[in-house]
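Notes follow once the structure below has been shown.
The values are calculated or read from the model by the stated rules, or taken from the named source; none is laboratory data. Everything quoted here is computed from the prediction, not taken from an experiment. Positions of Cβ are generated from backbone atoms using ideal geometry, with glycine treated the same way; all protein chains shown enter the neighbour counts. When the accessible area is computed, the model is the full protein with side chains, heavy atoms only, and any ligands, DNA or RNA have been set aside. Shrake-Rupley method; radii C 1.70, N 1.55, O 1.52, S 1.80 Å.
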Amino acid sequence: MGTAVTSPLGSLGPFLPALASSRQPHSLSTSFSLAPPLGTARRRSGGRMPGLVAVRCGGDSAALAPAAASPSDGGALEASEIKGKSRKWQWQGQYSISYFVSDSDPSAAPPGSKPPLLLVHGFGASVPHWRRNISTLAQNYTVYAVDLLGFGASDKPAGFRYTMETWAQLILDFLEDVVKRPTVLVGNSVGSLACVIAASESRKNLVRGLVLLNCAGGMNNKAIVDDWRIKLLLPLLWFIDFLLKQRGIASAIFERVREKDNLRNILLSVYGNKESVDDELVQIIKEPADDDGALDAFVSIVTGPPGPNPVQLMPSISLPVLVLWGNQDPFTPIDGPVGKYFSTLPSKLSNVSLVLLEGVGHCPHDDRPDLVHEKLLPWLDSLPAS
């Protein structure tokens, strides 16, 4: 993507180009030039989970190359296969939540086995966004993946007010009601933040560890008020919030956003490996956006409260934490407030490890799954059995 990338506008950022022009998707993204990524930090020792600290993985020459399979890669699943094997869970007795589990009988796991994994998608995504990861992870782990309320094949209740706290509670209830074992949470973007909140609030030893893939600072851009790029655009953001609260205008904007060409351009702007932006990915994002209630969810999330900030939550978490960060991320850039904060954590908290993934964008698990698996699998293997 080079150094000229989209401004870090949280959940709204990628939609601004689509609203401006479907023929010139990057017309608003070239105004901001990010500083060079952080340099490689020295490896530190000590602590229960010493791990890698700001170790670079990949390289610029690999940024546009197809996502190669690692030796342990189980191959990608078809989105249709994931959907066909998905199950339903009634949350709070009224909301249907769609989820996937890799084992036909996950309750049969013997004592002392490896902890299960729960994959939590980001804004606008769903369970099939993990199609390039499930098979590889399922070789040694029971893998769950869930569609958060308002996304994927889960319910999108009309008029529902979405919050980060709601999604965090959904995760905790899912662990208690469905998984029923201490679990490693693996999240991307707002899914990462929901996992952080869930881990900070869990009082029943439901969470065994955290894997954060480009963690968001909030449910939307209102959380990043100390970034000069956000301050510069605040009047525009407030105006867009106002427009989105007008039903007719919001509907017109949403129709433009969910056009296939615009979705593809949005995805191309946030993926380092452009080969990963295929027709299936576009359809994975588009299909749930056509559901009843999708517009309400979009407006509520973009205009709602940002929720708890990871800066306040991370110091209270003593679990092992692996942070994987694509250094070409235009949503939460490594030189922005959230990226800078997470890059300092390994020197402050012995339970946190950080790996920078070069040439990778906002969704590392789908952008370059081989690089993610290369760092994730050894880290998971180092965790004690349940």
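Take the residue pairs Lys260/Lys375; Lys114/Lys156; Lys274/Lys375; Lys156/Lys260; Lys83/Lys245; Lys83/Lys180 and return only those whose Cα atoms are more than 25 Å apart. With Cα atoms farther than 25 Å apart: Lys260/Lys375; Lys114/Lys156; Lys83/Lys245. Sorting the segments 88-100, 146-158 by their residues' average number of neighbouring beta-carbon atoms within 10 angstrom, most packed first, yields 146-158, 88-100.
Arrange the residues Arg181, Arg256 by how much accessible surface each exposes, largest first, with a 1.4 angstrom probe. The partial results should precede the final answer.
Values: Arg181 40, Arg256 85 Å².
Output order, biggest surface exposure first: Arg256, Arg181.
Phi-derived couplings, Karplus 6.51 cos²θ - 1.76 cosθ + 1.60 at θ = phi - 60°, listed residue by residue for region 359-371: x, 10, x, 6, 10, x, 5, 9, 5, 9, x, 4, 5 Hz, with x used for Gly and Pro. Between region 99-142 and region 312-386, the alpha-carbon centres lie 19 Å apart.
Along region 292-309 the Karplus relation, 6.51 cos²θ - 1.76 cosθ + 1.60 evaluated at θ = phi - 60°, assigns HN-Hα couplings of 4, x, 5, 5, 4, 5, 4, 5, 4, 5, 6, 9, x, x, x, x, x, 9 Hz to successive residues, with x for each Gly and Pro.
At q = 0.24 Å⁻¹, what base-10 log of I(q)/I(0) does the Debye formula yield for region 84-133 when every alpha carbon is treated as an equal point scatterer in vacuo? Results for region 84-133 at q = 0.24 Å⁻¹ read -1.12.
Using 0.36 nm per residue and subtracting the Cα-Cα separation, the extra length available between Asp173 and Thr344 on full extension is 58.4 nm. In vacuo Debye scattering of region 268-381, one point per C-alpha: log10 I(q)/I(0) at q = 0.15, 0.19 Å⁻¹? Log-scaled intensity ratios, in q order: -0.86, -1.16.
Stretched out fully, how many nm does the piece from Ser96 to Arg256 gain, at 0.36 nm a residue minus the Cα gap? The partial results should precede the final answer.
On the way: separation 160, 0.36 × 160 = 57.60 nm, distance 2.81 nm.
Stretched out fully, the Ser96 to Arg256 stretch lengthens by 54.8 nm.
Stokes-Einstein diffusion for region 342-386, with the hydrodynamic radius set to the Kirkwood value over Cα pairs and evaluated at 4 °C in a medium of 1.567 mPa s, equals 108 µm²/s.
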